[in-house]
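Trainee: My questions will all concern the structure given below.
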Amino acid sequence: MSAGEELLRSKGLRVTRPRLAVLDVLAGGGHLEVDEITRRVRDRLDSVSTQAVYDVLGALTRAGLSRRIEPAGSPARYEARVGDNHHHVVCRGCGEIADIDCAVGEAPCLDPNTTPHGYEVDEAEVTFWGLCPTCQARRSVDE
C-alpha cells in the first residue's frame, strides 16, 4: 500500500486515482492554483475534469490533508503543508507565495481576546505582503 493510500484511508476517504494524483502533485510543494494542479494531474492520468479536481481538493481540505489559502486579489491556492499553523508572504509584484513559520513570542495581534465572543481559537491566518528578491532586483533596474 502506498503512502497516499494509507493517508486517504486514515482519514476515512476512498482511494481513487484522482485523489492519489492530486496528493502526489501537492506533495511536490508550492502553493498551486487549481488550473496548475489540474494540468499536473492530467500529466499523470489519462483524463480528469477540472470539476473532479475541485471535488478532490474539497475532500482533501475537509479531511485536513491539504490547505486552501486565498490571498486578497488572488485565486485560491492549495498546499500539502497542514497542521502547523504556518503563515504566508505574498509578493505584490509577481504573486509568488512562500511559507513563513508561525510567529512566536510576544505577538499580541495573534492572541485575540475572544472571551467576549465565546470562540475557541485553534488557528490564525496571517498574510504578509512585500516584494520577493526577483521583483526587488527588477525594481532597482527600472529606477
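Trainee: Would you please name the GluC sites (Glu not before Pro) within the stretch 1-42 that are DSSP coil residues with at most 14 other C-beta atoms within 10 Å of their C-beta? Before the final figure, lay out each step's value.
Mentor: Details: sites: E5, E6, E33, E36; in loops: none.
Filter output for the stretch 1-42: empty list.
Trainee: Further question: Could you pull out every residue, at least 5 positions away or on a different chain, whose amide H is within less than 5 Å of the one on K11? Hs are placed 1.01 Å off N in the peptide plane, and Pro or chain starts have none.
Mentor: none
Trainee: If you place +1 on the Cβ of every Lys and Arg and -1 on the Cβ of every Asp and Glu, how big does the dipole about the Cα centre of the chain come out, in debye to the nearest 20?
Mentor: On the way: 17 positive and 23 negative charges, 137 e Å.
Around 660 debye, computed over the chain.
Trainee: Just the number, please: Stokes-Einstein D of the stretch 3-69 in µm²/s, Kirkwood Rh from C-alpha pairs, 10 °C, 1.306 mPa s. Don't skip to the answer; put the middle values down first.
Mentor: Working: Rh = 11.8 Å.
After rounding, the answer is 135 µm²/s.
No lab work stands behind these numbers, since they all come straight from the coordinates. In this text, all values refer to a predicted model and were calculated from it rather than measured experimentally. Neighbour counts are summed over all protein chains in view; Cβ atoms, including those assigned to glycine, are modelled from backbone coordinates with ideal geometry.
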